[in-house]
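The values are calculated or read from the model by the stated rules, or taken from the named source; none is laboratory data. Model, not experiment: these values are computed from the prediction. Note that we place each Cβ from the backbone using ideal geometry, even for glycine, and neighbour counts take in every protein chain shown. Ligands, DNA and RNA are excluded from the accessible area calculation, which covers all protein heavy atoms including side chains. Shrake-Rupley method; radii C 1.70, N 1.55, O 1.52, S 1.80 Å.
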Amino acid sequence: MKIALIGVSGLRNRGMEALVAVLVDGLKARHPDARIRMFTKVSDYEKRYCAGDPCVSLESSIVEGATDRLRAVIGRVAAPRLHPHFATLRGADLIVFTGGDVLTDSYGPGSYEHFLRQLELAIATGRPVAAPALSAGPLPKGASPVRLLRAFERLAHLSFREERSLAFARSIGLRRDAPVVPDLAVLLRPTERPAAVPPVLIAPSMGFARWSGLDGAAHLDALARFAGHALREWGAPVGIVAHTHERNPEADDRRIAAELAERIGGAPVVYEEDQPAAWYKARLASAEFVLAERMHAAVGAFSSGVPGMVLAYSLKAHGLAGLVGSPGEGGPPPCADSKELLEGDTWIDRTDAIWRERQRWRVHLAEVSAAWRRGAESVLDSVAEAAR
């Protein structure tokens, strides 16, 4: 069984790595003879990640660097078979598009086009293509929904991880069945938990201010005010989780972690080791409260029964919080929009309520995460069956 993984932006983003890890483990469990070829950026980290698994091999990203525009032209005027990866993909029994939120306007038109072309190329091979637990829409300005709709209609498996994404797909004309399912990273198994972790963890995002249009200094001030509030009002020291270590410094969370640590003062613990997503999930799972700008840091906490709040720059965070819900009838989901960070500290007041009720939240999250795991396993079953 030959399986190709595409849509992978790179494993230094621990959220993407979590998705890949769950897909690889799930597909190998369902197809023990699977040989998986992953198309991604190939760096030392990816090589180390795959070194211990003889079932997984690496291939350079499907559209890379300076040849991007040339391949775009080829894709429009010539048969897909001219693409350098077409034969490899056509030899697969199953192609899985991991995606996450790459088919949205979150990262600009260039990124959207990059990943949409990967999906279109995979579909052009005629092989079964599965796209599980996607975020979709809104699209970058000027992007036509016709191509995306055409791709969605031709997939062997399609599911979304938020109601809003499904609503967007319906708005552009999708008629096929496409369930709303949990993010697959809920199935990531953490490594052994550490002996001690600060009770409150913040997982900041280096790109949060840029993507949400916030002033960088104001963004840091808001996070530092929360840290001071947690220490002063809750008696809870704060640690920082740098969840993504991209080669691009504008997306490297180690930078904002260092800046935030300086703002907070007192030398807080900073988790920035070159370790896999499961190692980071073990630390998130050991906290009592997690404030997350990185969505998969929030997924790691919530799926481990740890309450917290997710700060949102895009629809995916609102979607996750909506699936989490709240322990009480009609209670607000654990989410604050990026704009709220500049409108006083009412969002910090909402964290007080979650902290006070954290045991109740743990019971609620245990029920939610159990249902998530069942749903995610069902998605993996459907993806694996697409090859048959």
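Applying the criterion of being under 23 Å from the mean Cα position of the chain (by Cα) and among the aliphatic types (A, V, I, L, M) to the residues of region 257-271, the residue that is farthest from residue 238 (Cα to Cα) is 258. State whether one or more residues within region 335-355 are open to solvent by 60 Å² or more (accessible area, probe 1.4 Å), modelled with pLDDT under 95, within 23 Å of the chain's Cα centre (by Cα) and not hydrophobic (A, V, I, L, M, F, W, C). The answer is yes; a qualifying residue exists.
Scanning region 25-42 for residues that are open to solvent by 10 Å² or more (accessible area, probe 1.4 Å) and β-branched (Val, Ile, Thr) turns up just one, 42. Residue 299 - would you say it is touching a residue at least 40 places away in the same chain (Cβ under 8 Å) and within 20 Å of residue 370 (Cβ to Cβ)? Judged against the criteria, residue 299 is a match. Pairing residues of region 137-165 that are farther than 27 Å from residue 372 by Cβ with residues that are of a type in the set (Asp, Glu) and surrounded by 15 or more Cβ atoms within 10 Å (Cβ to Cβ), at Cβ distances under 9 Å and at least 6 apart in sequence or on separate chains, gives 139/105; 140/105; 140/113; 141/105; 143/105; 143/113; 147/120; 150/120.
Name the single residue, out of those in region 320-345 being hydrophobic (A, V, I, L, M, F, W, C) and not in a helix (DSSP H, G or I), that is farthest from residue 224 (Cα to Cα).
So the residue we want is 335.
Every condition in (1) in contact (Cβ under 8 Å) with a residue 24 or more places away in the chain; (2) more than 22 Å from the chain's Cα centre (by Cα) is met by residue 186 except one, and the failing one is (2). Restricting 67, 88 to those that are of a type in the set (Val, Ile, Thr) and either modelled with pLDDT under 75 or open to solvent by less than 10 Å² (accessible area, probe 1.4 Å) (or both) reduces the list to 67. For the residues 297, 277, the requirement of being open to solvent by less than 10 Å² (accessible area, probe 1.4 Å), under 17 Å from residue 227 (Cβ atoms) and under 13 Å from the mean Cα position of the chain (by Cα) singles out 297. Could you check region 174-185 and list, in sequence order, the residues that are open to solvent by less than 20 Å² (accessible area, probe 1.4 Å) and over 25 Å from residue 24 (Cα atoms)? Hit for region 174-185 is 174, nothing else. Quick one: would you say residue 378 is among the polar types (S, T, N, Q), over 16 Å from the mean Cα position of the chain (by Cα), open to solvent by 50 Å² or more (accessible area, probe 1.4 Å) and at pLDDT 95 or above? For residue 378, the condition - among the polar types (S, T, N, Q), over 16 Å from the mean Cα position of the chain (by Cα), open to solvent by 50 Å² or more (accessible area, probe 1.4 Å) and at pLDDT 95 or above - is met.
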